[in-house]
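Okay, so here's the structure we're looking at.
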């Protein structure tokens, strides 16, 4: 043969051999039963397989060194895919120059519904019921009072009445405080025009701010003084009309009638609460010394005061307090 034919024939033979080698290599890459040097290259390139981790994929870094073997398939064989899916963590390549890029480690993996923390349950309590009361039996003004006493007679000529204590209800109206008690009033009944010369109890709405008695304070929150021999209530005309005064000699008022010597008016004034009616020169002669005081058993009407048994009076006095701005309403219903 000529030299040219020998060269071309050799080149053709080498080409055929090379083609056959490529076919064998490709078969080895796709068939795990074929042994060869291609398999390690496939293992080194497993980092190119996308794997799902949590909610974000783990994918090969762009800087990872690509495989020098072009014959390796980008798609893994079924057996390789199964092993990756069963693995709880993605396979890590040990090939030089390979790297994995993951999402932030702070992103928590999904958890099952049973393991997720749940917000604490809060019980919805039913709204508290606002208590409402009833109307008072008398229509007089109560001002800012939250505690009121009503004294109600069935007619203007009656000498007894029904006394009832009341608390203002949160939702409006009034609630009874304790039980009703029979009260004794003036011998001339009730009147809208009280007079120093009539034994009638005044009608209207009056504040309660002062208490006193022959005995020590039983527990009332009102201002209280224990009477002494020098304590008087003035009923004579003048600037001291219808006021409390203390004097033993050289006094600006008469030490006798018509003024009342409080210390010696017992048992009526063992305990008493002042019913605040007008005082001073301009108030004369429209009545003075109107008190809510002790009713001695077996006695009759008063000279214009309101009287109830001692035990009932003490209970009411303990209930009275300045912060409630208490009032007494007296009238006919």
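Below is a table of values for the structure above.
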item: Options 279, 307, 297, 257; residue that is within 47 Å of the chain's Cα centre (by Cα) and either in a loop (DSSP other than H, G, I, E, B) or surrounded by fewer than 18 Cβ atoms within 10 Å (Cβ to Cβ) (or both); result: 279
item: The range 145-162 - residue that is under 30 Å from the mean Cα position of the chain (by Cα) and part of a loop (DSSP other than H, G, I, E, B) and, of those, nearest to residue 200 (Cα to Cα); result: 145
item: The one condition in (1) more than 18 Å from residue 141 (Cα to Cα); (2) assigned to a loop (DSSP other than H, G, I, E, B) that residue 172 fails to fulfil; result: (1)
item: Single match in 165, 180 (criterion: surrounded by 21 or more Cβ atoms within 10 Å (Cβ to Cβ), assigned by TED's automatic domain parsing to the domain that holds residue 291 and in a strand (DSSP E or B)); result: 165
item: Residue 267 being free of Cβ contacts under 8 Å to residues at least 60 places away in the same chain, assigned to a loop (DSSP other than H, G, I, E, B) and either farther than 26 Å from residue 142 by Cα or outside the structural domain of residue 189 (by TED's automatic domain parsing) (or both); result: yes
item: Candidates 238, 219, filtered to the one that is closer than 25 Å to residue 183 by Cα and either assigned to a loop (DSSP other than H, G, I, E, B) or without any contact (Cβ under 8 Å) to a residue 12 or more places away in the chain (or both); result: 219
item: Qualifying residue in the range 225-233 (condition: farther than 21 Å from residue 184 by Cα, exposed (fewer than 14 other Cβ atoms within 10 Å of the Cβ) and touching a helix residue (DSSP H, G or I) at 6+ places or on another chain (Cβ under 8 Å)); result: yes
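The values are calculated or read from the model by the stated rules, or taken from the named source; none is laboratory data. Computed from a predicted structure; not experimentally measured. Virtual Cβ from ideal backbone geometry, glycine too; neighbours counted across all protein chains shown.
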